[in-house]
Amino acid sequence: MKRAVPWLLPILVAVGGFVALGDVGPGPVLKYAAYFAGAIALPGTLILRAVWRSTGNWAEDLGLGSVVGATWQLIGWAIFTALGWQRWLIVWPALLLIGFAIAGRRYFRIAEPKPLPFAWTVCLAVSAAVMIGATTFGVMAYHAMPPDGKAYYPDLLYHLSMVHELTRSVPPQLPQVVGERLDYHWFANADMAAAVDTTRLTPLVVLFRLWVLPWLVVSLLVCATLARTVSRTWWTGVLAALALAAPQLFLLVDTSVNLAPPVSLLSPSQTFGMVAAVAVAVFLIELLFRNGTRWLWLLIVPVVLVGGGSKPTVLPLLVGAVGLAALYVLVTTRRLPWRLIGTTAVLLVVGAITFLSVAGSTSGSRLQFLAVLKSLPVYTAATGDKTQPGDGGLILPALMHGEVLGTLSLLLGLLLTLQAMSWAGFGVMGRKDPIAWFLLGAMIAGWAGYLLVDHPSVSESYFVYTAAPFSLAGAGWFAATSARASGRPIPIAIAAFVLSIGYAGLLVWARGVPAASTGRQLWLSTRMLLVVLGITLFLLLVWRLTLRQAGGGMLVVLVLLSTAPISSFLQSAVRGDTEKAPTYRAAHWWVYPDEAEAALWLGQNSATTDVVATNTWCRPAGSIASGCDARGYLVSGIAGRRTFLEGWAYTNQAMAKQGQGGHRYTEQPSPWPDRYALTEQALTAPTPAALRKLHGEYGVRWLYADARNGPVAPALDQLAVLRHSIGKVRIYELGQ
C-alpha cells in the first residue's frame with residue numbers, strides 16, 4: 001500500500017487538469033480510466049505473466065503489460081469490426097479476464113516479488129505528474145475541442161477523421177476520398193477506435209483529451225524498464241524518466257503547439273509506436289541475451305507488428321539493433337549467430353508486411369544527406385540555400401554550393417542542443433557486451449534515418465525520437481558503470497537529478513528571442529550552443545578538481561541528458577512555435593463557428609457510413625483563388641463522415657509531387673481532378689444529371705456547401721432537400 005501512495009500525485013494532477021480544462025466531466029474520465037485498466041492494462045499484464053514472467057514489481061509489469069494488452073485489444077477490434085460487431089467489443093477483454101479468473105488466478109499476483117526502491121516509485125510518480133500536468137494544463141488547454149476553439153491544428157482533425165473511419169471498417173477507406181484505401185500507419189488511431197467502441201465516448205473526447213494520458217505514463221514505465229534491464233541498476237530508470245519528463249516543464253510556463261519529443265500529442269503514431277518499440281526491445285534482450293523462454297515470440301511478433309503499423313521508424317531501428325548485435329557476435333566469436341540472424345530475418349519480414357499493408361508508401365520521402373538542416377529557420381540565413389524539404393539531390397544543396405562552414409555550424413548546433421538526448425547513449429560504444437551493440441544498432445539506425453532521409457514534412461525527425469529511449473538506456477548504463485568504478489553511486493545519482501531539473505531553469509531565457517528575426521534566431525542557436533559547451537566544460541573542471549575521480553566521460557553523458565529540456569525549448573523557441581495565447585489561434589487553420597456547428601450537426605444527423613460531397617478541401621476558408629493548402633478536414637474530421645473528396649495533402653499521391661511547379665505537396669492540385677470537377681459542378685452549377693451521378697455512382701447522400709469556399713448555386717434548393725442552414729453553410733440531402 002505504501003508504494004501506491006506516490007501514484008496518487010499524477011492522479012490528482014490529472015483531476016486538476018481536467019477541472020481547469022472544464023470541457024470533460026468526471027464521468028468520461030472515470031469511464032476511460034476503467035476501460036484502460038480493465039481492457040488494456042490488466043489483461044495485458046496477465047498475458048505477460050502467463051507467456052513470460054513478472055518483472056517482480058507491479059509498475060513495470062503494468063507498463064509492459066499495457067503494450068501487450070493494447071495488442072490483444074487491437075486483435076479483438078479487427079475481428080469485431082470486420083464482422084460488424086463493434087458495439088460488442090467489451091466482450092473481448094471480458095472473456096480473457098474470465099478465463100484467467102477460472103484457470104489462471106495465480107497470475108493475478110506476483111509469485112516472486114522483487115520490489116524496486118521506494119525512491120524509484122516516488123521519482124516515477126513525480127515524472128508522471130509532470131508529464132500529465134504539462135499535458136493537461138499546457139498542450140491540451142492550448143488545443144480546444146470543436147466547437148469550442150477558433151482554430152484547430154490540422155493533424156488533429158486528420159487523426160480524428162481516421163478514428164471515425166476505424167470505427168466503421170477493416171481494412172479502412174481513406175476518409176477524404178471514399179473508396180480509396182487508407183495508406184497510413186493507423187494502428188494508434190485503431191487503438192482509439194477500440195476505446196470509442198468499448199466506452200461509447202466520442203472520438204473527439206478520446207483523441208483530444210483522454211487517449212494520450214495513460215500512454216504517456218506507460219512511456220515512462222517502459223523506458224525506465226529498458227534502462228534498468230540493460231544496466232541492472234534501478235536509478236538508471238529514474239534518469240530515463242526524468243529526461244523524458246523534464247522537457248515538458250516548458251508547457252507549465254508557456255503554451256506550445258505540442259509535447260516535447262520524443263512523445264507527442266499531435267502524432268499519436270509516434271507515442272504509440274515508441275512504446276511498442278521499447279517493449280519489443282525489452283523482450284528481445286531477454287530472449288536473445290538473457291536466455292529467455294521461446295514463448296516470448298508470442299509477445300514479440302504481435303507487438304512488433306503493432307509497432308510497425310504505428311510508425312514506419314520502428315522496424316528499421318529494431319532491425320538495426322539486432323543486426324549490429326549479430327555482427328558484433330560474428331566478429332568476436334567468428335561463429336554465425338543463427339538466433340540473431342533468424343530474428344533479424346523475422347523483423348525484416350514483419351517490416352515488409354507492415355510497409356505493404358499498413359504503413360503505405362514512402363510518402364514522398366527521398367534520400368539526401370543532411371536534409372534535416374533545411375527545417376531550421378536559420379538554414380537559409382547561414383547557407384543562402386532556399387531549397388525546400390523533399391527537394392534536391394543526394395547531397396544537401398548548401399554543401400554542393402560550397403557552404404561548408406555554415407552547414408557544419410548548423411549541424412554541430414543541432415547535435416549539441418536539439419538532439420542531445422538521442423546521442424548521449426553512444427557512451428556504451430566499446431563495451432564487450434552484445435546488449436551494448438544492440439542499443440548502438442538502434443541509435444545508429446535512428447541517426448541514419450535522421451541524416452539521410454528527406455521527407456517533405458521533415459518527418460525524418462521521428463527516427464531519432466524513436467531512438468531516444470535506447471540512447472537514454474545506453475547513457476544510464478554508462479553512468480552506472482562509471483559510478484560503480486568511482487565508488488560514488490549515490491552522489492552521482494543526485495548530481496544527475498539536480499542537473500536534469502536545473503537545466504530546465506534556462507527555459508524562459510532560452511525562448512527569449514522572437515521568431516520574427518532570422519538573424520536573432522541564429523544568435524539564439526549560437527549562444528545556446530556556447531552555454532551548453534561552457535557548462536559542460538565547467539562541470540568537468542569542477543568534477544576533476546573536487547572529486548579527483550575518473551569518469552569525466554560519464555559526467556559528459558549526464559550533462560547531455562540534462563540538456564534534454566533545452567532540446568525541446570529550442571525546438572519551440574527557434575522555430576517560433578510558441579505563443580502566450582491561451583488557445584491555438586493560427587489564422588491559417590481558423591474554423592468559423594458556423595462551419596464547426598454545421599459539421600457537428602451533420603455528424604449527429606447522418607449515418608456513420610454516409611458519404612458527403614463538400615468544398616472544404618482548402619484552408620484557410622476562401623483560399624482557392626490565392627492558392628489552396630489542401631489540408632481541410634472539416635467534414636471528415638469534425639463531422640466524422642466519409643467524403644467524396646476533401647483535403648488531399650497527406651495522400652501519397654500528393655506528397656510524391658513535392659516541389660513540382662515550385663510548390664509544396666500541400667499546394668499541389670487534386671490527384672482526383674474528376675472528383676474535384678464533379679463537386680464544383682454540383683455546388684456551383686448543379687444539374688439533375690450531376691447530382692444523380694454523385695448519388696448513384698459514388699453513394700453521396702449529403703452536400704456540405706460552405707459559401708466561404710466558393711459560390712453555392714441557389715438552384716440546389718430545388719434539386720436537393722435543404723436539411724440545415726447556419727451562417728454561410730448549407731447542408732443538403734440527396735436521394736429523397
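The table below lists the values:
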{"quantity": "Residues within region 115-154 that are modelled with pLDDT of 90 or more and surrounded by fewer than 17 Cβ atoms within 10 Å (Cβ to Cβ), tallied", "calculated": "5"}
{"quantity": "Index of the failed condition, residue 64 passing every other in (1) in contact (Cβ under 8 Å) with a residue 60 or more places away in the chain; (2) surrounded by fewer than 20 Cβ atoms within 10 Å (Cβ to Cβ); (3) in contact with a Leu (Cβ under 8 Å, 6 or more places away or on another chain)", "calculated": "(2)"}
{"quantity": "The lone exception for residue 675 - which of (1) closer than 18 Å to residue 599 by Cβ; (2) modelled with pLDDT of 95 or more; (3) among the charged types (D, E, K, R) it fails", "calculated": "(1)"}
{"quantity": "So residue 332, is it surrounded by fewer than 22 Cβ atoms within 10 Å (Cβ to Cβ), modelled with pLDDT of 90 or more, in the same structural domain as residue 455 (by TED's automatic domain parsing) and farther than 18 Å from residue 444 by Cα", "calculated": "yes"}
{"quantity": "Index of the failed condition, residue 187 passing every other in (1) in contact with a Ser or Thr (Cβ under 9 Å, 6 or more places away or on another chain); (2) surrounded by fewer than 22 Cβ atoms within 10 Å (Cβ to Cβ); (3) under 30 Å from residue 125 (Cβ atoms); (4) of a type outside the set (Val, Ile, Thr)", "calculated": "(2)"}
{"quantity": "Given (1) out of contact with any Lys or Arg (no Cβ under 8 Å at 6 or more places or on another chain); (2) farther than 20 Å from residue 163 by Cα, index of the condition residue 601 fails", "calculated": "(2)"}
{"quantity": "Candidate set from region 599-655 (those that are acidic (Asp, Glu) and assigned to a loop (DSSP other than H, G, I, E, B)); member that is farthest from residue 180 (Cα to Cα)", "calculated": "610"}
{"quantity": "Filter result (touching a Phe, Trp or Tyr at 6+ places or on another chain (Cβ under 7 Å) and either among the basic types (Lys, Arg) or within 14 Å of residue 313 (Cβ to Cβ) (or both)) within region 454-466", "calculated": "460, 461, 463, 464"}
{"quantity": "Residues located in region 118-152, provided they are among the polar types (S, T, N, Q) and closer than 13 Å to residue 20 by Cα", "calculated": "135, 136"}
{"quantity": "Single residue of region 158-177 satisfying the filter (surrounded by fewer than 24 Cβ atoms within 10 Å (Cβ to Cβ) and aliphatic (A, V, I, L, M)) that is nearest to residue 621 (Cα to Cα)", "calculated": "177"}
{"quantity": "Given (1) at pLDDT 95 or above; (2) surrounded by fewer than 19 Cβ atoms within 10 Å (Cβ to Cβ), index of the condition residue 646 fails", "calculated": "(2)"}
{"quantity": "Residues of region 289-326 classified as assigned to a helix (DSSP H, G or I), of a type in the set (D, E, K, R) and in contact with a helix residue (DSSP H, G or I) (Cβ under 7 Å, 6 or more places away or on another chain), total", "calculated": "0"}
{"quantity": "Answer residue from region 714-736, given it is of a type in the set (A, V, I, L, M) and surrounded by fewer than 16 Cβ atoms within 10 Å (Cβ to Cβ) and is modelled with the lowest pLDDT among those", "calculated": "715"}
{"quantity": "Only one of 323, 351 that is of a type outside the set (A, V, I, L, M), modelled with pLDDT of 95 or more and assigned by TED's automatic domain parsing to the domain that holds residue 465", "calculated": "323"}
{"quantity": "Every residue from region 581-598 that is under 27 Å from the mean Cα position of the chain (by Cα), more than 14 Å from residue 616 (Cβ to Cβ) and either among the polar types (S, T, N, Q) or in a helix (DSSP H, G or I) (or both)", "calculated": "583, 587, 588"}
{"quantity": "Criterion (of a type in the set (Asp, Glu), at pLDDT 95 or above and more than 17 Å from residue 270 (Cα to Cα)) met by exactly one of 112, 165, 180", "calculated": "165"}
{"quantity": "Count of residues meeting criterion [under 16 Å from the mean Cα position of the chain (by Cα) and in a helix (DSSP H, G or I)] in region 135-161", "calculated": "10"}
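The values are calculated or read from the model by the stated rules, or taken from the named source; none is laboratory data. What you see is a predicted model, and the numbers here were worked out from it, not measured in a lab. Cβ coordinates were reconstructed from backbone atoms using ideal geometry, including for glycine residues, and neighbour counts include every protein chain displayed.
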